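This is the structure I want to talk about, given as structure tokens.
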Amino acid sequence: MAASDANILIQGENGTGKELIANAMHYNSKRFKGPFIKINCAAIPKDLIESELFGYKKGAFTGATLDKEGLFEMAEGGSLLLDEIGEMPAYLQTKLLRVLQEREYRPIGSDRIVHVDFRLICATNVDLDAALRDGRLREDLYFRINTITLRVPPLRERTEDIPLLCDYFIDKFRQRYQKNVKTLAPSVYHLLIRNRWPGNVRELENAVERAVLVAKGSEIAVTDLPESIREESTA
């Protein structure tokens, strides 16, 4: 799956690790040496998303004092992650569909045609079936972006992943903070597996980061975890 060039749609609740999966898809593909460009469609004002994706020519609009390369062009030879694709404005969905079909576009205010070659990965926490029914998502775009659909279950439904995720986060943060932490105490594993994790993988990552910072030895103890985690698991 990762090795193919097929468009991928990743669906799941907030914090379930959709971006981690997108990273794995890119870095295990034949495009791993190319750029991996990311944009969160919900984090950028709707009137600015188009200029971010397409770029623009100097003088195209007020404030365009320099030529700007768009993210489509920056992703050349690599992958482009459109996070929260369900928040993309309807008019821009039409333009995105054309780029995916024609593999070319014009920057705003330019007559230059830019040919593009990137793999598209989309992620969303929105119910896209409902978005289709409500007219918030174009049906033809939906079928274009979901060649392969991955549905990521919430962490509470895949507790068997918690030990592997903890090992990954411990290694990440012990290197970042130059700590000697290597593992979790067995009692910590049992506590984490019982937790409901409303914030999913993101909440687990934050908990492990905090534990690595305050741990006094090579093993994380229950007392190193955030109080909210300890309280929820014993409730």
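When you look at residue 97, is it under 23 Å from residue 130 (Cβ atoms) and of a type in the set (A, V, I, L, M, F, W, C), yes or no?
So residue 97 fits the description; yes.
Residues are listed down the side, and each one gets a yes or a no for (1) on the phi < 0 side of the Ramachandran plot; (2) crowded, with 17+ Cβ neighbours inside 10 Å; (3) aromatic (Phe, Trp, Tyr); (4) under 18 Å from the mean Cα position of the chain (by Cα):
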residue: 127; (1), (2), (3), (4): yes, no, no, yes
residue: 130; (1), (2), (3), (4): yes, no, no, no
residue: 134; (1), (2), (3), (4): yes, no, no, no
residue: 166; (1), (2), (3), (4): yes, yes, no, no
residue: 187; (1), (2), (3), (4): yes, no, no, no
residue: 196; (1), (2), (3), (4): yes, no, no, no
residue: 206; (1), (2), (3), (4): yes, no, no, yes
residue: 216; (1), (2), (3), (4): yes, no, no, no
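What pairs come up if the first residue lies in the stretch 142-170 and is more than 12 Å from residue 10 (Cα to Cα), the second is among the hydroxyl-bearing types (Ser, Thr, Tyr) and surrounded by 14 or more Cβ atoms within 10 Å (Cβ to Cβ), and their beta carbons are under 6 Å apart, counting only those six or more places apart or on different chains?
154/16
Under the condition of being part of a loop (DSSP other than H, G, I, E, B) and farther than 30 Å from residue 61 by Cα, which residue from the stretch 102-134 is modelled with the highest pLDDT?
125
The values are calculated or read from the model by the stated rules, or taken from the named source; none is laboratory data. These numbers were taken from a predicted model, which means no experiment stands behind them. Positions of Cβ are backbone-derived with ideal geometry, glycine not excepted, and every protein chain shown enters the neighbour counts.
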